[in-house]
Amino acid sequence: MRYAIYYTPSMHDPLSVAAASWLGRNVYSGEACEPPSIPGFSRQEVAFHTAVPRRYGFHGTIKAPFRLHPDETEASLLKFMMQFASAAMPFEIPRLEVSRLGSFYGLMSASECAEMNYFAASVVEAFDRFRAPLSEAEIDRRDSDSLTAPQFANLHRWGFPYVMDEFRFHMMLTGALHSNLRDRFEKALREYFGHFLSEPIKVASLALFIEPEPGAPLRVHSQHPLGKLSAHRPSLRRKGQDDNTPNPATEQLAALAMRLQAG
């Protein structure tokens with residue numbers, strides 16, 4: 001059993017519904033979804049090239065999959081997650097867009113989002129006590145030789161290379177694509193998801209995902225709203241606030257997380 005802390009929109013959010021159809025699996029129910037009709041693509045071609053993100057489900061990684069530390073339990077993890085989420089505040093990613101990360105395509109922030117970066121770093125640090133140390137086999141599977149020095153240090157300190165200064169929020173939609181397929185998939189993704197990306201994306205919850213056994217599809221175990229119910233309003237950005245400037249709630253998040261850890 002492994003756990004992961006991800007961002008994913010609510011079950012009935014239009015973006016969730018569209019992504020579940022594109023990937024072929026609902027990350028909440030685990031059930032297969034009717035694939036969309038994409039001009040110029042067979043269903044088999046889309047299914048083949050979405051196999052990897054389909055297993056993980058539609059999500060943005062905050063804390064990558066981890067085995068539970070022997071001193072912790074699922075109950076203690078859930079309790080802390082509820083405390084942490086209630087101490088945080090919802091925020092917005094101004095805009096997502098279809099982008100390429102290496103040989104993969106997904107949804108990524110169109111510009112630097114400091115609030116998401118701070119939030120993700122706070123989650124990685126606050127929840128690290130629940131993570132069992134990586135085994136030598138797990139480290140070897142990461143292909144350490146391909147990592148930069150900061151990524152290698154992150155792997156050994158936090159159990160995942162792409163955190164802290166190496167973090168870039170993304171929601172994967174394809175597996176690795178050969179260069180001769182990229183233009184076709186990019187065009188199809190932009191046409192399919194463009195309608196859902198015209199508004200800011202509200203980050204209003206954290207989701208706990210589980211992987212019941214090695215290689216099994218991940219699914220949502222529970223979803224935890226950020227802040228108090230009164231904080232869940234349509235827009236949290238203040239007039240004139242720069243998109244890259246965290247609001248006061250975000251600036252307090254790390255301190256709140258540290259107090260929760262100490263408690």
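Points to keep in mind about this one:
- A convex hull fitted around the alpha carbon atoms of the chain yields 137 Å³ per residue.
- The range 94-144, accessible surface, carbon-and-sulfur percent (1.4 angstrom probe): 46 percent
- Around ARG141: net Lys/Arg minus Asp/Glu count, Cβ-Cβ under 15 Å: -3
- Semi-axis lengths (Å, descending) of the ellipsoid that matches the C-alpha gyration tensor of the range 1-100: 30, 17, 12
- For the range 1-69 versus the range 171-189, the inter-centroid distance based on Cα atoms is 16 Å.
- Whole-angstrom gap from the range 121-149 to the range 199-228, using each part's C-alpha centre: 20 Å
- Over the range 54-133, relative contact order from alpha-carbon pairs under 8 Å, at least 6 apart, %: 42 percent
- Directionally averaged shadow of the range 136-180, computed from the convex hull of its alpha-carbon atoms, nm²: 4.3 nm²
- The range 95-183: C-alpha gyration tensor shape, a/c 1.5 cut-off, then a/b vs b/c: oblate
- Computed E for ILE139/ALA51 - FRET, C-beta separation, R0 30 angstrom, nearest 0.05: 0.75
- Accessible surface of MET164 - all protein chains present, 1.4 Å probe, nearest 10 Å²: 60 Å²
- With the helix formula -39500 (n - 2.57) applied to DSSP H stretches of n ≥ 4, the chain reaches a computed 222 nm mean residue ellipticity of -11000 deg cm²/dmol.
- This model, with +1 at the C-beta of Lys and Arg and -1 at the C-beta of Asp and Glu, gives the chain a dipole about its Cα centre of some 480 debye.
- For the range 1-156, the relative contact order comes to 21 percent (Cα pairs under 8 Å, sequence separation of at least 6).
- Cα gyration tensor, the range 150-235 - rounded (a/c under 1.5), prolate or oblate: oblate
- Å² per residue, accessible surface of the chain at 1.4 Å: 50 Å²
- The listed residues ARG25, ARG55, ARG95, once ranked by accessible area (1.4 Å probe) with the largest placed first, stand as ARG95, ARG55, ARG25.
- Over the chain, relative contact order from alpha-carbon pairs under 8 Å, at least 6 apart, %: 33 percent
- Dipole of the range 2-149, positive end: most advanced residue of ALA149, PRO94, TRP22 [Cβ charges, Cα centre]: TRP22
- If R0 is 45 Å, the Cβ-Cβ spacing of HIS178 and LYS228 corresponds to a FRET efficiency of close to 0.40.
- With the highest mean first, a sort of the peptides 208-214, 14-20 on other beta-carbon atoms found within 10 angstrom per residue produces 14-20, 208-214.
The values are calculated or read from the model by the stated rules, or taken from the named source; none is laboratory data. Note that the structure is a prediction, hence the values are computed from the model and not measured. Glycine gets a Cβ as well: all are built from the backbone with ideal geometry, and neighbour counts include every protein chain shown. Areas reflect the complete protein model, heavy atoms only, side chains present, ligands, DNA and RNA absent. Shrake-Rupley method; radii C 1.70, N 1.55, O 1.52, S 1.80 Å.
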